Amino acid sequence: MYDLSYTAVLIATSLILVNGIVSFALQLNWGYKLLLASLRTVVQLSLVGFVLRAVFEQHRWWTLLPLMLLMTVIAGVASVKRVRRRHPGIWLNSLTSVLISSWLITGIALFAIIGHDAWKEQPARYAIPLLGMILGNTLTGISLGMNKLTDELMQKRKEIELRLTLGATRWEAAHEAIQEAIRTGMIPIINGMMIVGLVSLPGLMTGQLLAGADPVTAVKYQIVIMFLIAAGTGLGTVGAILLGYLRLFNARHQFLYEHIFDTESKS
Amino acid sequence: MFPLVEAIQIGRESQTGKVLLSDVSFSVNAGDQVALTGANGSGKSVCLRALSMLDPIQTGDVRWREKSVANSDMPAFRRDVHYVQQTPAMISGTVIRNLIYPYALSHAPDKNGSTSEDSVRRRAKLMLDRLDWDVTLLDQDAQHLSGGEAQVVGLIRALLISPSVLLLDEPTAAMSEMTAEATESLLINWTTEHPEQRAFVWVSHRESQIDRFATRRIEMTAGQIEEVSLDV
């Protein structure tokens, strides 16, 4: 694989000036945010690069697992941060669903799909990117789904309570909102699968091609990745939403609407 | 008289710690036509909702026919001790679909009875006739009803599932004078036809209306109740 020189990276970095000029010309007042975003891109990715290099060279489970755990926790926290209406237990729900879904799918990928021995010699080289891609998509699915769930429940609170008064179980009262939430969480990945390859090439595939891989091999990896991501997102989203449902509807078939609080309306 | 439902020292606080109900005890006996009165915010709706166990209570118990309600009996309990929302919510679709909805649930009422759309239509028509309303209401879109129409549909939907106790939250507030009076006599007839197994608790602000229906009166102040004797 050909390396990039630091000069090359610097040239690319200077391209951000284009956005800066646009911001200035149209008075978007985005200069600060743009600068911050650019800085974060450079700093975060550099750190990741060095950490990964260290972990890759170690070939040790005890450096790999904590890193994977850290990534998982960050994903779990990030998914809740994007949810506007929250309820007690949402952090635990999110972490649990992210952890189980992403680790299960990554495990299946490593042991059942990739299979060959190369990954066992350098587990980090395979596990980290796989987990990362699954986590990134799962956290989007969970945050979209949880947002939709609490929005639906609050908007349709009277209708849900009506169903309960007419003798609906908690599941019968909530399942439309749950379906809607799961659908919403799955939209990005389904849409992504619809157009993949037609408009843009996914990052992973682009990376492989730039690094000199055979396109067909790259495509095979990409297909596997798409399904892994879809499975992880589906599992994580369904898990988080069902756990949320159990928090908000108790065994006495009561809708605990008071437990939902809006993080933005607090004055 | 046989208590259909009883509140035993029930208490409830909001998430912020405000006392909504405090040590409320009363029973609704068969044949009762209870007027529940009190200022806005005194806890009348909270009380009715607690009685049909829509909200969790922190203290006390609600007893149904002298027993505590098991979790698995909750759907049957809520149909029997049935809370009617002040502005009844509608599920999407026509009015008739709203009336049939309870029969599509896993714990549907009278499984052995006739629950076809035709039979629901026929029974609904009987009630509409008594209110002097047109049967075309049944095929209207339930999302576009006026406040009064929604209250009529809500009551018919409630009566069709054969409850024992109706918990009515200002059920005629949005109705015209004429419909309100017809509704009053429909509900009074409903209990007096079977006083051994039916009762209602009715939140009302209209004294003239209370005079017409009430056999008991309970006054709420700041989450507490007091039985008021009626001058007969």
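Read-outs: derived from the displayed coordinates by stated rules, not from any lab. All of these numbers come straight from a predicted model, not from anything done at the bench. Neighbour counts are summed over all protein chains in view; Cβ atoms, including those assigned to glycine, are modelled from backbone coordinates with ideal geometry.
What the table below lists for this structure:
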item	result
Total charge dipole magnitude, the protein assembly as shown, about the Cα centre, Cβ charges on Lys, Arg, Asp, Glu only, Debye to nearest 20	1840 debye
Check: region B:97-232 dipole with +1 on Lys, Arg Cβ and -1 on Asp, Glu Cβ, in debye	540 debye
Listed peptides B:199-209, B:76-86 by packing density, highest first (mean Cβ within 10 Å)	B:76-86, B:199-209
Length-normalised contact order of region A:1-144 in % [C-alpha pairs under 8 Å, at least 6 apart]	25 percent
Ranked list, fewest to most other Cβ atoms within 10 Å of each Cβ, for A:HIS59, A:HIS87	A:HIS59, A:HIS87
Percent of beta bridges antiparallel (DSSP, the protein assembly as shown, rounded to nearest 5)	55 percent
Burial ordering of A:LEU166, A:LEU201, fewest other beta-carbon atoms within 10 Å first	A:LEU201, A:LEU166
Relative contact order (%) - chain B, alpha-carbon pairs under 8 angstrom, separation at least six	32 percent
Debye intensity ratio in log₁₀ form over the Cα atoms of region A:1-58, taken at each q of 0.19 Å⁻¹	-0.79
Using alpha carbons only: equivalent-ellipsoid semi-axes of region B:77-232, gyration tensor based, whole Å	27, 18, 15
Order of A:LEU104, B:LEU167 under a 10 Å beta carbon neighbour criterion, fewest first	A:LEU104, B:LEU167
For the protein assembly as shown, with +1 on Lys and Arg beta carbons and -1 on Asp and Glu, the positive-most of A:ILE21, A:GLY115, A:VAL73 along the dipole	A:GLY115
Of the DSSP H helices in chain A, those whose Cα atoms cover at least 20 Å axially and whose Kyte score averages -0.5 or more	A:31-58, A:61-81, A:90-108, A:123-155, A:170-195, A:215-248
Residue-averaged 222 nm ellipticity for chain A, from DSSP H runs of 4+ at -39500 (n - 2.57), nearest 500	-25500 deg cm²/dmol
Gain on full stretching of the segment that runs from A:LEU26 to A:LEU198 - 0.36 nm per residue minus C-alpha separation	58.7 nm
Added length on full extension, which subtracts the Cα-Cα distance from 0.36 nm per residue, A:TRP91 to A:LEU17	22.8 nm
Sequence-distant lysines (8 or more away, or on other chains) whose Cα lies within less than 30 Å of A:LYS156	A:LYS81, A:LYS148, A:LYS266, B:LYS18, B:LYS44, B:LYS111, B:LYS125
Residue-averaged beta-carbon neighbours from other chains (10 angstrom radius) around A:167-177	4
